[in-house]
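Take a look at the structure set out below.
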Amino acid sequence: MKNNTKKIVIGAVVLVALIAVFALAWTKFGAKPTKGAKNITLVVENSKGEIANYELDTDAEYLRQAMDELGDKGFSYEGTDSEYGLMIEKINGEQAIYATDGAYWSLYVNDEYGQYGADSQPVNDGDKYTWKYELAQ
């Protein structure tokens, strides 16, 4: 009986040691987080013509999701949801509300005027999205 208890204790110690070795091996050699499959550029041109560029590797389906990922890179935006989608009112602290100051944030995709808003603009690998402060004509 004493011999069986000794074997059980030794077996438990070996099992714990193996678990520790596998945990260390997983930490060192296990799967690492991968960057997103799509590389995009987001450009902001403010009212003074100053330009800020943001590079992002993302798996976002729509631009709004990608913009949410840029918060840790100094990019910020605010807007209101409407029946037409998200209306961007402020980017990087600068307000552009047509009804208030006759200005708006326009979206360009690969230097072409955008056809969608931030929450419905598809994100494609290699695309450039530009938010530009513009005054109404």
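The values are calculated or read from the model by the stated rules, or taken from the named source; none is laboratory data. The model shown is predicted, which means the values in this text are computed figures rather than measured ones. Note that we place each Cβ from the backbone using ideal geometry, even for glycine, and neighbour counts take in every protein chain shown.
Checking each residue in segment 36-76 for being closer than 16 Å to Thr130 by Cβ, aliphatic (A, V, I, L, M) and under 10 Å from the mean Cα position of the chain (by Cα) picks out Leu56, Leu63, Ala66, Met67, Leu70.
Assessment of segment 95-111 against the conditions (closer than 15 Å to Ser47 by Cα, surrounded by 12 or more Cβ atoms within 10 Å (Cβ to Cβ) and among the charged types (D, E, K, R)) yields at least one matching residue. Every condition in (1) surrounded by 13 or more Cβ atoms within 10 Å (Cβ to Cβ); (2) assigned to a strand (DSSP E or B) holds for Asp81 except the one numbered (1). If you check Leu42 against the conditions, is it at pLDDT below 95, buried (at least 17 other Cβ atoms within 10 Å of the Cβ) and out of contact with any Pro (no Cβ under 9 Å at 6 or more places or on another chain)? No; evaluated as a whole, the condition is false for this residue.
Across segment 92-130, the number of residues qualifying as assigned to a loop (DSSP other than H, G, I, E, B), polar (S, T, N, Q) and closer than 14 Å to Gly79 by Cβ comes to 3. In segment 56-68, the residue that is surrounded by the most Cβ atoms within 10 Å (Cβ to Cβ) out of those that are free of Cβ contacts under 8 Å to residues at least 40 places away in the same chain and in contact with a strand residue (DSSP E or B) (Cβ under 6 Å, 6 or more places away or on another chain) is Leu56. Taking the listed residues Ile88, Ile97, Ile8, the one that is without any contact (Cβ under 8 Å) to a residue 24 or more places away in the chain and either among the polar types (S, T, N, Q) or in contact with a strand residue (DSSP E or B) (Cβ under 7 Å, 6 or more places away or on another chain) (or both) is Ile97, with no other qualifying. In summary, Ala66 fulfils each of the numbered conditions (1) in a loop (DSSP other than H, G, I, E, B); (2) modelled with pLDDT of 95 or more with the single exception of condition (1). For segment 5-17, the criterion of being out of contact with any Gly (no Cβ under 7 Å at 6 or more places or on another chain), surrounded by 11 or more Cβ atoms within 10 Å (Cβ to Cβ) and charged (D, E, K, R) is met by none of the residues. Scan segment 27-36 and tell me whether some residue there is modelled with pLDDT of 95 or more and of a type outside the set (A, V, I, L, M). No: segment 27-36 contains no residue that is modelled with pLDDT of 95 or more and of a type outside the set (A, V, I, L, M).
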